[in-house]
Amino acid sequence: MQFDPFIIPFNIGLYFIVIYAVVRSVSWFGDLSRPDKLRLQRGFFGKAFGQSIKEIFLESLIHRKILKSNPRLGYMHMSLAFGWFLLILFGTIEADVFGAHHLNAPYKAIFFKFFNPEHGRMGFEAAFSFLMDLILAFILSGLVLAIIKRFSSRVVGIKKTTKLRVLDKIALTSLWLIFPSRLLAESFTSGAYGTGSFLTGSLGSILASFLPAQEMAYPFWWLYSLSLGTFFILLPLTRYMHIPTELFLIFARNSGIKTGDQPGAFREIQIYSCSSCGICIDACQLNFSAGITNIQSAYLMKGIRNNENVSDIAFNCLMCGRCDQKCPVGIELTPLRMLSRRAGETVENEQSIWQKYFPGRQVMLPVKPVSDPSYSWLKQEEPAKTDVIYFAGCMTHLTPAIKNSMITILEASGVRYNFLDEKGGVCCGRPLMLAGQDREARELINHNSQLIWKSGAHTIVTSCPICYKVFKESYYLDVEVLHHSQFIKNLIEEGSLKLNFLHRKVTYHTPCDLGRGSGVYNEPKDVLRHVARLLKSDFEDENSLCCGGSLGNMKISSRQKSMIAHDVATELTKGNPDILATSCPLCKKTLSAATTTRVADISEIVADAIVRTAIKKKLNEPVRKVKVAVDFHN
Amino acid sequence: MEKHVVVIGGGVAGMEAAGHLQKSGFRVSLFEKEEKPGGHLNDWYKLFPDRRRSSEVKEYLDKITSEDGIKIITGSIIDKIVSDKNQFRISDKDGKEYSADAVIIATGFDLFKSERKEEYGYGIYDNVITSADLEKMFRSGSIELADGRIPETVGIVHCVGSRDEKVGNLYCSKLCCVTAVKQAIEIREHLPSSKVFCFYMDMRMGGAYYEELYREAQEEWGVNFIRGKVSEVSEAINNKLVIKSEDTLAGKPLKMQVDMLVLMAGMEMSEGGLKLSESSGLNKGNNRFFSPADHHFGSNKSNIKGIFYAGTCTMPMNITETISHARAAVSDVIDYLKDSKA
């Protein structure tokens, strides 16, 4: 039997990590809610399994998403992950085909060269050696990039990488040592026996020319085995835990499991799937516009993993969702942040090594119910019966030009509507939710829901994406919820609104809660194309920017918000548009403070394009004076 | 030969400085962007705290600037000042050049553009006006709503564009409070049956006889002062304006209807001054006003030798302070030109 003591560290590490992964997976599965367990079971026998295999291959090995957005960084990740995978795969085949037996223990494949030093002299064996050397060279090229990245992150095109902890550093060093020590070990052995291909063979013969190759090889085989073993044993304590966890995540996601609004196993799986690659840091406007570099999602994930009090990080975020879009692992970063906000302040406690390997379920206590509801003083009103409800929202009341334009549009269209919060209404609840105060938000939601039910309306139109998102997601209403851009588009399509074409150049800014938050990208642009010339910007759709005025951030100063707003305004007015259009009252307010270009909501532009004779006046009602701040007809 | 001093800006500070420079024996050119000098004074009705007519002050300034040796160039916007061996080359927008031995900048202030606080509805609701619009009404002698009716209730909003982080102005314009008090009295004077409500954050009555005026407004004119900022304004179906605020002394949210709302627009660095500071390398402070060389004993000096500041281009000031500041600038010019003679 082929055996040598140096393989012991590797063997211990390997069996440890395999058993560990199984134990953790079983415990995660056990912690999933019943419906999620069912989803996973169904996924295992359904389409999700195949999809997951495909996704694991494309994303975890090839790193397709990173390759697309940043080829050099993608190559680095691919060479290490895919290269290592190939090395194991072909190493196993090599051991199987050319070794003494079939179906070998893993170490025989990993240390094949040690046990078969004479292998690879000619013919098919040589070709296979060549292939193995090629794979090793592929990995080493990525490793060189990784080492350069540690010291100068510019090389791979990423500005900041996350800071490391001591254990991460040890694990990283052992990871870095694996492939160079394999290279040297194989080279020395090859040098001693005159085998090896273009890499190990050539290096081996050079080394053998002035060094005692036979004696030198053995310590390097030890080093190779030790670094593998160390890496495997430390893996659960470091960010490299993402390697096994990601497989579970991909499968769970493909089975239809979502973060939801309660903490649980899926949250933990996602948190451990973060590789701290730093792509979220590059995407974050707080980083590149306001110089805040310690609150991005990678830091949040790391803080939670390390059991730190993350409330400062959790609340210092625009909740714009740009990082969700860019995350190569597809972690639902903003929903995870919401969970941390709900948890509020947490106690930081030092964990023992044992706890670090087996963290107790990171349970977050549900918000303590208060016996006295805080909004009990809200009076329930009787709304008029109507078809369509217009809910302007608080921010629209602060931007009356939008409100007036919507009234003009509604009047012109002849729709039977009721302006629900005309005399001031109750907040939609989302600002409270963003502050982690779900119970209070729920009270407001219930209040508004009752009003909407009582009105008998089939459609609710809102001007504010913040309200829109919460109406859609957190109100359990049997009515159609429309943002006014969608409503206006419908009116245009059904011919209820006759519009002129304004000869104006317009750039459109997609609001976060409407775009990334609710997936409404096209309707506002369709409406704008109908009445004006729409310019393309560098930040469209999923890649749109946050205006900086977000209600989501409770930590930054007005000055920092305005730094963000100025950067956004500068980017979006590059093409010298006549109007910077948006479809959110808060974006309008924020951006108009940051630019001299006129900022207008699409409703204002549409109201101005209305063919004036088409306005139907109800004779029995007093004329409502409606004035839009600037007249476009000239 | 007589030294030549250029004064940029023909408002109170510029006119006062020009008059005193002439008295001190200099040849003076006074540049004014509008068709006639006088600046904001031309728009005001009566001045606080004694409520004398602003035209009296204007008459005094016209008199001192009508002497020989003062050349007033109106309709001219100065673009750039270039310093060149104790001489200054001053060019206007049309490319005309002038030279001078010293320069006094008196570009003054602009009123905060109230449209920027969209929640107050200026430019959207007809009966939301600014303090400057109200002064015009006083001058015309009739205070009326857009449809010609006489307002019964008038709201006055303090601190519009001042002490407001959201519009980027942290500073207090310091004159809006007393202007509000003065205008509240005048509204009551013009319309004895009207009710006036002032919404304030703090009453900053730090000038001679300001506090007395504030007391008079309450005791003799029955003006209501409510401590609380207005959060939003909307229009009701009866064309009245609905104000949402909070009475922070009573600790209660407040909603009321008024016929007219007057916004006390704050003071901001003038656009002309901003351009001049960019083009000529003159330092600005965080509040965007010109930053004097020393806050205590060099408030007229700029960062360029031979260029001096007078009046509200450095900070919000009332007319009394502006006139003193302009005279101090002249004194600095005299010192400077005496030294540079050698």
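Quick note: the coordinates plus some simple rules give every number you see, no bench work behind them. Keep in mind it's a predicted model, so treat the numbers as computed, not measured. For neighbour counting, all protein chains shown are included, and Cβ atoms are generated from backbone atoms with ideal geometry for every residue, glycine included.
Considering only DSSP beta bridges whose two residues both sit in region B:114-267, what percent are antiparallel, to the nearest 5?
Working: 13 of 31 bridges.
Taking every DSSP beta bridge with both residues in region B:114-267, the antiparallel ones total about 40 percent.
Taking amide H atoms as placed 1.01 Å from N in the peptide plane, list the residues 5 or more away in sequence, or in a different chain, whose amide H sits under 5 Å from that of A:Phe419.
The answer is A:Tyr390.
For A:Leu134 and A:Ser33, compute 0.36 nm times the residue count separating them, minus their Cα-Cα distance, and round to one decimal in nm. Intermediate results must be reported in sequence, preceding the final value.
Working: separation 101, 0.36 × 101 = 36.36 nm, distance 4.61 nm.
Gain in length upon complete extension: 31.7 nm.
Which ³J(HN,Hα) values, rounded to whole Hz and listed in residue order, are derived for region B:246-260 from phi using the Karplus coefficients 6.51, -1.76 and 1.60 in 6.51 cos²θ - 1.76 cosθ + 1.60 with θ = phi - 60°, glycine and proline given as x?
My calculation for region B:246-260 gives 9, 8, 6, 7, 7, x, 10, x, 9, 9, 8, 9, 10, 7, 9 Hz in order.
Over region A:246-345, what is the mean sequence separation of C-alpha contacts under 8 Å (at least six apart), divided by residue count, expressed as relative contact order in percent? Kindly include the intermediate steps, with their values, before the conclusion.
Details: 111 pairs, mean separation 30.4, N = 100.
Averaging sequence separation for qualifying contacts and normalising by length gives 30 percent for region A:246-345.
Rounded to the nearest 5, what is the percent of antiparallel bridges among the DSSP beta bridges in the protein assembly as shown?
The answer is about 35 percent antiparallel.
Enter the Cα centre distance for the pair region A:265-292 and region A:537-555, rounded to the nearest angstrom.
The distance from the Cα centre of region A:265-292 to that of region A:537-555 comes to 16 Å.
Work through the residues other than A:Gly330 whose Cβ is under 15 Å from its Cβ and net out their charges, Lys, Arg +1 and Asp, Glu -1.
With Lys, Arg at +1 and Asp, Glu at -1, the net is +4.
Relative contact order of chain B: what whole-number percent is it, with Cα pairs under 8 angstrom and at least 6 residues apart?
20 percent.
For region A:447-578, what is the Kirkwood hydrodynamic radius in Å, using each pair of distinct C-alpha atoms?
The answer is 16.6 Å.
What dipole magnitude, in Debye to the nearest 20, does the protein assembly as shown give about its Cα centre under +1 on Lys/Arg Cβ and -1 on Asp/Glu Cβ?
Its charge dipole is roughly 1320 debye.
To make sure I understand the rule: partners must be aspartates and glutamates, Cα under 12 Å from the Cα of A:Lys385, and not fewer than 8 residues away in the same chain. Which ones qualify?
none
Give me the lysines in straight-line cross-link reach of A:Lys302: C-alpha distance below 24 Å, same-chain residues under 8 apart excluded.
Cross-link targets: A:Lys65, A:Lys149, A:Lys159, A:Lys160, A:Lys163, A:Lys169, A:Lys258, A:Lys326, A:Lys356, A:Lys555.
Dipole of chain A (Lys/Arg Cβ +1, Asp/Glu Cβ -1, origin at the Cα centre): which of A:Leu203, A:Phe45, A:Asn294 lies farthest to the positive side?
About the Cα centre, the residue reaching furthest to the positive side is A:Asn294.
Among all cysteines in chain A, which have no other cysteine Cβ under 4.7 Å from their own Cβ?
Singleton cysteines: A:Cys274, A:Cys277, A:Cys284, A:Cys317, A:Cys327, A:Cys394, A:Cys427.
Run the numbers on region B:114-267 and let me know its relative contact order in percent, using alpha-carbon pairs under 8 Å that are six or more apart.
Averaging sequence separation for qualifying contacts and normalising by length gives 32 percent for region B:114-267.
Ranked highest first by average number of other Cβ atoms within 10 Å, how do A:541-548, A:592-599 line up?
My ranking of the peptides, most packed first, is A:541-548, A:592-599.
For the protein assembly as shown, build the convex hull from the C-alpha positions and give me its volume per residue in Å³. Before the final figure, lay out the partial values.
On the way: hull volume 231.3 nm³, N = 976.
With only Cα atoms used, the protein assembly as shown gives 237 Å³ per residue.
Per residue of region B:326-339, what does 6.51 cos²θ - 1.76 cosθ + 1.60 with θ = phi - 60° give for ³J(HN,Hα)? Whole Hz please, x for Gly and Pro, Karplus curve as stated.
Karplus-based 3J(HN,Hα) across region B:326-339 equals 5, 5, 4, 5, 4, 4, 5, 5, 4, 4, 4, 6, 5, 5 Hz.
Plugging the Kirkwood radius over Cα pairs into Stokes-Einstein for chain B, at a temperature of 20 °C and a viscosity of 1.002 mPa s, what D comes out in µm²/s? Present the calculation step by step, with values, prior to reporting the outcome.
Values: Rh = 21.2 Å.
Approximately 101 µm²/s, per Stokes-Einstein.
If you take every DSSP beta bridge whose two residues both sit in chain B, what share of them, in percent to the nearest 5, is antiparallel?
Looking only at bridges with both residues in chain B, the antiparallel portion is about 45 percent.
Need one number: convex hull volume per residue for region A:246-345, Cα atoms only, in Å³. If you can, show how the numbers build up before the last one.
Working: hull volume 9.0 nm³, N = 100.
That works out to 90 Å³ per residue.
So, counting K/R as plus one and D/E as minus one, what does the shell of residues with Cβ under 13 Å around A:Glu571 add up to?
With Lys, Arg at +1 and Asp, Glu at -1, the net is -1.
Checking the cross-link filter: which aspartates and glutamates have an alpha carbon closer than 16 Å to that of B:Lys80, excluding same-chain neighbours under 8 positions apart?
Output for B:Lys80: B:Glu32, B:Asp92, B:Asp94, B:Glu97, B:Asp101, B:Glu271, B:Glu278.
Using R₀ = 41 Å, calculate the FRET efficiency as 1/(1 + (r/R₀)^6) where r is the Cβ-Cβ separation of B:Asn86 and B:Thr320; round to 0.05.
FRET efficiency, B:Asn86 to B:Thr320: 0.75.
Fewest Cβ neighbours within 10 Å first, please rank A:Tyr476, B:Tyr120, A:Tyr193 accordingly.
A:Tyr476, A:Tyr193, B:Tyr120
Give the long-range amide H neighbours of A:Asn104: residues separated by 5 or more places, or on another chain, with amide H under 5 Å away, using H modelled in the peptide plane at 1.01 Å from N.
Counting only residues 5 or more places away or on other chains, the set is empty.
What nm value, rounded to one decimal, do you get for the distance between A:Asp538 and B:Glu35 when each label is placed 7 Å out toward the C-beta?
For A:Asp538 paired with B:Glu35, the spin-label model returns 4.7 nm.
For A:Leu89 and A:Glu345, what does the FRET efficiency come to when R0 = 41 Å and r is the distance between their Cβ atoms, rounded to the nearest 0.05?
0.30
Amide H to amide H under 5 Å from B:Val196: which residues, 5+ apart in sequence or cross-chain, H placed 1.01 Å off N in plane?
Under 5 Å from the amide H of B:Val196: B:Val154, B:Asn224.
For A:Thr570, A:Thr245, what ranking results if the residue with the fewest other Cβ atoms within 10 Å of its Cβ goes first?
Taking fewest neighbouring Cβ atoms as first place, the list is A:Thr570, A:Thr245.
Treat the count of other C-beta atoms within 10 Å as a stand-in for reagent exposure and order A:Ile148, A:Ile279 from fewest to most.
The order, fewest Cβ neighbours first, is A:Ile148, A:Ile279.
Return the calculated 222 nm mean residue ellipticity for chain B, to the nearest 500 deg cm²/dmol, obtained by summing -39500 (n - 2.57) across DSSP H runs with n ≥ 4 and dividing by the residue count.
One gets -8500 deg cm²/dmol as the mean residue ellipticity at 222 nm.
Kindly write out, for region A:516-525 in residue order, the coupling ³J(HN,Hα) from the Karplus curve 6.51 cos²θ - 1.76 cosθ + 1.60 (θ = phi - 60°), rounded to whole Hz, with x marking Gly and Pro.
4, x, 10, x, 9, 10, 8, 4, x, 5
For each pair in B:Lys23/B:Lys305; A:Lys403/A:Lys505; A:Lys588/B:Lys174; B:Lys117/B:Lys240, compute the distance between the two Cα atoms and list the pairs where it is over 26 Å.
On the way: B:Lys23/B:Lys305 23 Å; A:Lys403/A:Lys505 23 Å; A:Lys588/B:Lys174 30 Å; B:Lys117/B:Lys240 19 Å.
Pairs exceeding 26 Å: A:Lys588/B:Lys174.
How much length is gained on full extension from A:Thr596 to A:Arg42, taking 0.36 nm per residue of separation minus their Cα-Cα distance?
Full extension from A:Thr596 to A:Arg42 adds 193.8 nm.
Which value results when the Cα radius of gyration for region B:114-267 is divided by 2.2 N^0.38 Å? Could the numbers behind the result be given before it?
Working: Rg = 14.4 Å, N = 154, 2.2 N^0.38 = 14.9 Å.
Normalised by 2.2 N^0.38 Å, the Cα Rg of region B:114-267 equals 0.97.
With just the Cα atoms defining each centre, how far is region A:196-238 from region B:10-83? Give it in Å.
Region A:196-238 and region B:10-83 have Cα centres spaced 88 Å from each other.
Can you compute the helix-only [θ] at 222 nm over chain A? Use -39500 (n - 2.57) per DSSP H run of at least 4 residues, normalise by all residues, nearest 500 deg cm²/dmol.
Computed mean residue ellipticity for chain A: -17000 deg cm²/dmol.
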